[in-house]
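**Q** First, the structure itself, so that you have it in front of you.
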Amino acid sequence: MNSIRLQSNDKMPERKPVLHVQALSFSKNKAQLLRDITFSVPAGEVLAIVGPNGAGKSTLLKILAGDEPCHGDVLIGGQHQGQWALKKRARHLAVLPQFSLLNFPYTVEQVVGLGRTPHATGAAVDNEIVQQVMQELDIAYLQGRLYPALSGGEKQRTQIARVFCQVWREADANPRLMLLDEPTTALDLGHQQQLMRAITQIAKRGVAVVMVVHDINLALAHADKVLALQCGEMVAYGNTNEVLTESVLQHLFSAQIKLIQHPDKPTFMVTL
Amino acid sequence: MIFHSSGVALHWRWLLSGALVVLCLCAVISISFGAVSLSLSEIGLWLQGKSSLQTQIIIEDIRLPRMLLALCIGALLALCGTVTQGLFRNPLADPSLIGVSAGASAGASIVIVLLSQLHWNMLGVPVVSVGAFIGGLIAVMVVYRIATGVNGTSVATMLLAGIAITFLTGSLSSILEFYADDEMLRRISLWRMGGLDAANYTHAMIAASVLIVLLVLLPQTAKALDAFLLGESEARHLGIDVDKIKYILIVSVAVGVGVAVALAGSIAFVGLVVPHMLRMLVGPAHRFLLPLSAIGGAVLLLLSDVLSRTLVAPTELPVGILTAFLGAPLFISLLRHRHEYGMR
């Protein structure tokens, strides 16, 4: 699956990257948290950011989302992150935060619909998109339930659906970029697999995806490229199978890690 | 929830019309009940301009301005309560959290104690009310400045700064009371209880103009308020100019509650209980919640005012005592049952 998508990318090598990051550095309280980070993500590509705790993964994602100013360049659709008008940017860029606190009794459908806030497409179109996305992420049966009463995994799927809604249609905005901070948090195995499939699908429809993941197996199976961070520095960046090697992983996590061939797919799996 | 959210959207016109009919009924009740009861036919005669002089005086000089003031103040308080709960992302927040009531109370005390020689009016508004309004505004401005840094306004800091300012202005009021004489103390405590007995057309018109401005302005922020509840950076990622919205909302609450407190003293729990109860009925979407809160607040204060005038007639209870007396148990029951409404 992975190699097939790489080939389709190879057919259009001159495509302008949706996200281009050049020499990004970031300091807070005199501590340098990120140093000299450069990469780009074209439409249709899934980039996984991996690394040990405290490596700066979430910080990097926050900077990409425009929450923190940084040194260096972050270009979205060729335009500097800070130069986008907020509302316009929201049509192109959707962000899934690590935690979400919503304490008000909105229904699942309403929360998902909030993803359409930046779009002026009208209630009928918005509602249709909400229904499609809820089907895609298997939360249609939760539609009328109240968000605060959901389980952790159900809340996470609802938030992901909201983010999907924001960049669902090419007709609304292009290029489109999704930034996901640990999207599989609180999801059971079945829903992890389903979510990854949904992410692959939406990427195929032209969305560039950057996600922070902890589960290396998910990165191995579903990411086109991987960026490995350690102490704020890029230790490796490139195609998934080239980056996630035993030596890189052992160095990255300071642990005895073995890669074994997946029995059914041309990918590897991690074991300790 | 009684209505499903899509049901509310579907039947919105009927719902709004129904609420307005209830409001009109309460307005009629408010005019009809009091130390002297007026029958519907008497009110009908008055509407045609054929009533007796006594009825005309009771209605036009006493009950009508009072009814209008109660309606506007109730609507202002509930509207500001809804906004405050959204702003703090907490369904149990109250406008007094950002210091406006305490500031207004200190402002009133300052005028009563230090400027006791002044009995003049400003454009028909007693100087105590002006002092209260200014006190409320200053308190909110200080709270806002404390909570606003380079990274925008922190709602959590605002909450804590509001508590600090409430204590500070409270101690200021206490110092003033310490030096006040008996007559001043009586005036301060009467002012604090809140009441609509000083109602006149000027007061009602001031409250009405602020209410109309807020009723036009706030529903435009409904979408932003919904997004805001997800969190500030989430709202920004949905394209909302968070700092601008916060500024609009804080100024609205300061002016709205400031005017309400200045004209009617502190009337507790309307701003807390009304939005909360309506959220249970129609859900939290601000497009529906904001207008219905305004109507709900007006209804609640109209009915409370009728009770306050009739319970111990021919004298009357300050309406603030009544709303607090009814509101506190209601609030405690909300706290105990909030899980059932999907709130944590």
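The values are calculated or read from the model by the stated rules, or taken from the named source; none is laboratory data. Predicted model, so just to flag it, every value in this text is computed and none were measured. As a convention, Cβ positions derive from the backbone with ideal geometry for all residues, glycine included, and neighbour counts pool all protein chains shown.
**Q** Is one or more of the residues making up segment A:223-231 out of contact with any Lys or Arg (no Cβ under 7 Å at 6 or more places or on another chain), more than 26 Å from A:Val111 (Cβ to Cβ) and surrounded by fewer than 18 Cβ atoms within 10 Å (Cβ to Cβ)?
**A** Filtering segment A:223-231 for residues out of contact with any Lys or Arg (no Cβ under 7 Å at 6 or more places or on another chain) gives A:223, A:225-228, A:230-231.
In the following step, the residues that additionally are more than 26 Å from A:Val111 (Cβ to Cβ) were identified as A:223, A:225-228, A:230-231.
Okay, now just the ones that are also surrounded by fewer than 18 Cβ atoms within 10 Å (Cβ to Cβ), so A:231.
Yes, because at least one residue in segment A:223-231 is out of contact with any Lys or Arg (no Cβ under 7 Å at 6 or more places or on another chain), more than 26 Å from A:Val111 (Cβ to Cβ) and surrounded by fewer than 18 Cβ atoms within 10 Å (Cβ to Cβ).
**Q** Give the residues of segment A:199-217 that are more than 20 Å from A:Val50 (Cβ to Cβ) and surrounded by fewer than 24 Cβ atoms within 10 Å (Cβ to Cβ), sorted by residue number.
**A** If the condition is that a residue be more than 20 Å from A:Val50 (Cβ to Cβ) and surrounded by fewer than 24 Cβ atoms within 10 Å (Cβ to Cβ), then A:Gln201, A:Ile202, A:Lys204, A:Arg205, A:Gly206 are the ones that fit.
**Q** What pairs come up if the first residue lies in segment A:84-95 and is in contact (Cβ under 8 Å) with a residue 12 or more places away in the chain and closer than 15 Å to A:Lys62 by Cα, the second is of a type in the set (Ser, Thr, Tyr) and in a strand (DSSP E or B), and their beta carbons are under 9 Å apart, counting only those six or more places apart or on different chains?
**A** Here the result reads none, with nothing in segment A:84-95 linked to a residue that is of a type in the set (Ser, Thr, Tyr) and in a strand (DSSP E or B).
**Q** Hey, another quick one. Here are the criteria: (1) modelled with pLDDT of 90 or more; (2) farther than 17 Å from A:Leu180 by Cα; (3) among the polar types (S, T, N, Q). Tell me which single one A:Ser40 does not satisfy.
**A** Here A:Ser40 clears every test but (2).
**Q** Consider B:Val274 against the criteria (1) more than 19 Å from the chain's Cα centre (by Cα); (2) surrounded by 24 or more Cβ atoms within 10 Å (Cβ to Cβ); (3) away from every other protein chain (no Cβ under 14 Å): it satisfies all of them except one. Which criterion is unmet?
**A** Result: B:Val274 fails condition (1) only.
Condition check ((1) under 14 Å from the mean Cα position of the chain (by Cα); (2) in a helix (DSSP H, G or I); (3) modelled with pLDDT of 85 or more) across all residues:
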| site | (1), (2), (3) |
| --- | --- |
| B:Val251 | no, yes, yes |
| B:Glu316 | no, no, no |
| B:Phe331 | no, yes, no |
| B:His339 | no, yes, no |
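**Q** A further question follows. Tally up the residues in segment B:92-110 that are more than 16 Å from the chain's Cα centre (by Cα) and buried (at least 24 other Cβ atoms within 10 Å of the Cβ), please.
**A** Final tally of qualifying residues: 4.
**Q** I want to confirm something. Restricting to segment A:55-86 and keeping residues that are out of contact with any strand residue (DSSP E or B) (no Cβ under 9 Å at 6 or more places or on another chain) and within 20 Å of B:Phe228 (Cβ to Cβ), which single residue is nearest to the other protein chains (Cβ to nearest Cβ)? Quick ask: steps written out before the conclusion?
**A** Filtering segment A:55-86 down to residues out of contact with any strand residue (DSSP E or B) (no Cβ under 9 Å at 6 or more places or on another chain) leaves A:79, A:83, A:85-86.
Still in the list and also within 20 Å of B:Phe228 (Cβ to Cβ): A:85-86.
Numbers: A:Ala85: 8, A:Leu86: 5 Å.
So, considering only residues that are out of contact with any strand residue (DSSP E or B) (no Cβ under 9 Å at 6 or more places or on another chain) and within 20 Å of B:Phe228 (Cβ to Cβ), the one nearest to the other protein chains (Cβ to nearest Cβ) is A:Leu86.
**Q** Next question. If you take the residues of segment A:118-155 that are without any contact (Cβ under 8 Å) to a residue 40 or more places away in the chain and in a loop (DSSP other than H, G, I, E, B), which of them is farthest from the other protein chains (Cβ to nearest Cβ)?
**A** Selected residue: A:Ile139.
**Q** Counting only residues that are touching a helix residue (DSSP H, G or I) at 6+ places or on another chain (Cβ under 6 Å), buried (at least 22 other Cβ atoms within 10 Å of the Cβ) and within 14 Å of chain A (Cβ to nearest Cβ), give me the helices (runs of 4 or more DSSP H) lying completely in segment B:1-87 with at least 2 of them.
**A** Here the list reads B:64-87.
**Q** Is it true that some residue in segment A:87-106 is away from chain B (no Cβ under 14 Å) and either surrounded by fewer than 23 Cβ atoms within 10 Å (Cβ to Cβ) or of a type in the set (Ser, Thr, Tyr) (or both)?
**A** Checking segment A:87-106: not a single residue is away from chain B (no Cβ under 14 Å) and either surrounded by fewer than 23 Cβ atoms within 10 Å (Cβ to Cβ) or of a type in the set (Ser, Thr, Tyr) (or both).
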